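Enquirer: Let me give you the structure first, and then I'll get to my questions.
Readers should treat all values here as calculations from the given coordinates under stated rules, not as data from a laboratory. Please read all numbers here as calculations on a predicted model, not as lab measurements. Quick reminder, even Gly has a Cβ in these numbers, built from the backbone with ideal geometry, and neighbours come from all protein chains shown.
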């Protein structure tokens, strides 16, 4: 088999360092990362990455974010099993936002919904437009 | 004709105030807003909103962001003509990210590309994977 290699993972540390150098992290050292299901286009969630979590994501091809609440790396799916394989990645025109094209196993949202964007204005009221597919308890234990 | 009214615009100021109260703006008073083409799922751009720009977006059904560089409201398309009609809107599970479902006229990116996410790793190098559809000069004048 020949052909184009997949964009990720990127085992070469020097190549990863070049990519990281193109990202404009904010004053906190973070960059927003949008996760989109690669084949359906569904926007699943937005989270944050620091340089270490982006480097790990590039190296492994699995989404690793930075948890602002916990102050550390957040390997998506580590506790819930709902991992994100990163199929491809985009950096935007001014280098300060990432778009991850992922293959989401199960559900992306900690509420048990497929995606986090389930609140919408309906008749001027913020309304839940999607129900959980699984219970949060089944994701994180009782 | 009867039927469900469209989610936007929301003329009722009190209803808009209730929606705004559900948004968790950051310490700068801003919230990230992802713009997605409503029918194709293409993620076009990410920008920021403050309360005033979100209120205007809800009131008019046209995307209005907050420009961090200019420090003021940024009515998308005001200079370029590339306006975004906001068809629907989502708030995420923890209230700190917006997803706008838009109908983008022309191109979203100031480089003349349809979307801002045109840089991708190819063979470990950050590579432009989309060409401009129009020249930036034609959008903003020479």
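Enquirer: Within the group B:32, B:136, B:121, which residue is farther than 18 Å from residue A:42 by Cα and facing another protein chain (nearest Cβ under 8 Å)?
Expert: Selected residue: B:121, the only one of B:32, B:136, B:121 that is farther than 18 Å from residue A:42 by Cα and facing another protein chain (nearest Cβ under 8 Å).
Enquirer: Can you name the condition, by its number, that residue A:85 falls short on among (1) facing another protein chain (nearest Cβ under 8 Å); (2) within 15 Å of the chain's Cα centre (by Cα); (3) in a strand (DSSP E or B)?
Expert: (1)
Enquirer: I've got another one for you. Only one residue in B:51, B:15, B:59 is within 10 Å of chain A (Cβ to nearest Cβ) and either surrounded by fewer than 18 Cβ atoms within 10 Å (Cβ to Cβ) or within 22 Å of residue A:92 (Cβ to Cβ) (or both). Which one?
Expert: Among B:51, B:15, B:59, only B:15 is within 10 Å of chain A (Cβ to nearest Cβ) and either surrounded by fewer than 18 Cβ atoms within 10 Å (Cβ to Cβ) or within 22 Å of residue A:92 (Cβ to Cβ) (or both).
Enquirer: If you don't mind, there's one more thing I want to ask. Here is a list of conditions, (1) surrounded by 18 or more Cβ atoms within 10 Å (Cβ to Cβ); (2) without any contact (Cβ under 8 Å) to a residue 24 or more places away in the chain; (3) more than 30 Å from residue B:6 (Cα to Cα), and residue A:83 meets all of them except one; can you say which number that is?
Expert: Residue A:83 satisfies every listed condition except (1).
Enquirer: Another question, then. Quickly run through region B:110-125 and pick out the residues that are in a strand (DSSP E or B) and out of contact with any helix residue (DSSP H, G or I) (no Cβ under 9 Å at 6 or more places or on another chain).
Expert: B:119, B:120, B:122
Enquirer: Can you tell me which residues in region B:48-62 are farther than 16 Å from residue B:99 by Cα and touching a helix residue (DSSP H, G or I) at 6+ places or on another chain (Cβ under 9 Å)?
Expert: Within region B:48-62, just B:59 meets the criteria.
Enquirer: When you scan region B:18-29, how many residues do you find that are surrounded by 13 or more Cβ atoms within 10 Å (Cβ to Cβ) and in contact with a helix residue (DSSP H, G or I) (Cβ under 9 Å, 6 or more places away or on another chain)?
Expert: 4
Enquirer: Further question on the same structure: Which residue, of B:70, B:122, B:75, B:90, is buried (at least 21 other Cβ atoms within 10 Å of the Cβ) and without any contact (Cβ under 8 Å) to a residue 24 or more places away in the chain?
Expert: Testing whether each residue is buried (at least 21 other Cβ atoms within 10 Å of the Cβ) and without any contact (Cβ under 8 Å) to a residue 24 or more places away in the chain leaves just B:90.
Enquirer: Identify, from the list A:10, A:34, the residue that is crowded, with 22+ Cβ neighbours inside 10 Å, touching a strand residue (DSSP E or B) at 6+ places or on another chain (Cβ under 9 Å) and assigned to a loop (DSSP other than H, G, I, E, B).
Expert: One residue alone meets the criteria, A:10.
Enquirer: In region B:47-67, how many are within 13 Å of the chain's Cα centre (by Cα), within 15 Å of residue B:32 (Cβ to Cβ), in a helix (DSSP H, G or I) and in contact (Cβ under 8 Å) with a residue 24 or more places away in the chain?
Expert: Residues in region B:47-67 being within 13 Å of the chain's Cα centre (by Cα), within 15 Å of residue B:32 (Cβ to Cβ), in a helix (DSSP H, G or I) and in contact (Cβ under 8 Å) with a residue 24 or more places away in the chain: 2 in total.
Enquirer: Next up: Yes or no: residue A:44 within 11 Å of chain B (Cβ to nearest Cβ), in contact with a helix residue (DSSP H, G or I) (Cβ under 8 Å, 6 or more places away or on another chain) and assigned to a strand (DSSP E or B)?
Expert: It is false that residue A:44 is within 11 Å of chain B (Cβ to nearest Cβ), in contact with a helix residue (DSSP H, G or I) (Cβ under 8 Å, 6 or more places away or on another chain) and assigned to a strand (DSSP E or B).
Enquirer: Next question, about the same structure. Might you let me know whether region B:93-109 holds any residue that is part of a loop (DSSP other than H, G, I, E, B), at the interface with chain A (Cβ under 9 Å from one of its Cβ atoms) and within 28 Å of residue B:140 (Cα to Cα)?
Expert: Yes, some residue in region B:93-109 is part of a loop (DSSP other than H, G, I, E, B), at the interface with chain A (Cβ under 9 Å from one of its Cβ atoms) and within 28 Å of residue B:140 (Cα to Cα).
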